[in-house]
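Reviewing the structure listed below.
What follows is calculated from the coordinates using simple rules that are stated; it is not laboratory data. Nothing here was measured: the structure is a model prediction, and the numbers come from that model. Virtual Cβ from ideal backbone geometry, glycine too; neighbours counted across all protein chains shown.
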Amino acid sequence: MPETVLKPRTRTKPKVERPKLHKVILLNDDFTPRAFVVTVLKGEFRLSEDQAYRVMITAHRKGICVVAVLPRDVAETKATRATDAGKAKGYPLMFTTEPEE
């Protein structure tokens, strides 16, 4: 009877990279009411009242402020929805995204 040679099984684990993160940035404008910006930040980004106020004031004083760092698709969706909320009320509220370095 011939001997059976068994080869060791090797399993290869696929390398899974973490998704690239993107910053969601709030751009300051002089027309959107502060209370509305805070409301959008609380609603879309789930910030507390205090956090939303700090983000809004930072954007007001410095011109821009990073709101959140998220996977690309989530960041783009939230930025678009927050910008659209401003447009729906007639405000020039603007959120953008850019890759995190």
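Of note:
- Amide hydrogen neighbours beyond the local backbone of C65, cut-off 5 Å, H modeled: L26
- Among the GluC sites (Glu not before Pro) in the stretch 1-91, those located in a DSSP loop and surrounded by at most 12 other Cβ atoms within 10 Å of their own Cβ are E3, E17.
- The chain: trypsin sites (Lys or Arg not before Pro) in DSSP loop, at most 10 other beta carbons within 10 Å: R9, R11, K15, K20
- Amide proton proximity set for L21, modelled H, under 5 Å, gap of 5+: E100
- Note on the chain: helix-only mean residue ellipticity at 222 nm, from DSSP H runs of 4+ residues weighted -39500 (n - 2.57) and normalised by residue number, equals -14000 deg cm²/dmol.
- About its Cα centre, the dipole of the chain is roughly 400 debye, where the only charges are +1 on Lys and Arg Cβ and -1 on Asp and Glu Cβ.
- The chain - Rg (one decimal) and Dmax (whole number), Cα, Å: 22.7, 89
- Working note: Karplus 6.51/-1.76/1.60 with θ = phi - 60° gives the stretch 80-96 the couplings 5, 5, 5, 5, 5, 4, x, 4, 4, 9, x, 9, x, 4, 9, 10, 10 Hz, where Gly and Pro are set to x.
- Residue-wise HN-Hα coupling along the stretch 64-75, computed from phi with Karplus coefficients 6.51, -1.76, 1.60 (Hz; x: Gly, Pro): 8, 7, 6, 8, 7, 10, 9, x, 3, 5, 5, 4
- Pairs exceeding a 25 Å alpha-carbon distance, out of K20/K89; K23/K87; K42/K62; K62/K87: K20/K89.
- Spin-label pair E17-I64: with each label point 7 Å from Cα along the Cα-Cβ axis, the two points sit 2.4 nm from one another.
- Contact order relative to length of the chain, as percent, for alpha carbon pairs under 8 angstrom and 6 or more apart: 41
- Sites matching chymotrypsin sites (Phe, Trp or Tyr not before Pro) across the stretch 1-96 that sit in DSSP coil, with at most 10 neighbouring C-beta atoms within 10 Å: F31
- Residues E3 and V74, FRET efficiency given R0 of 41 Å [Cβ-Cβ distance, rounded to 0.05]: 0.10
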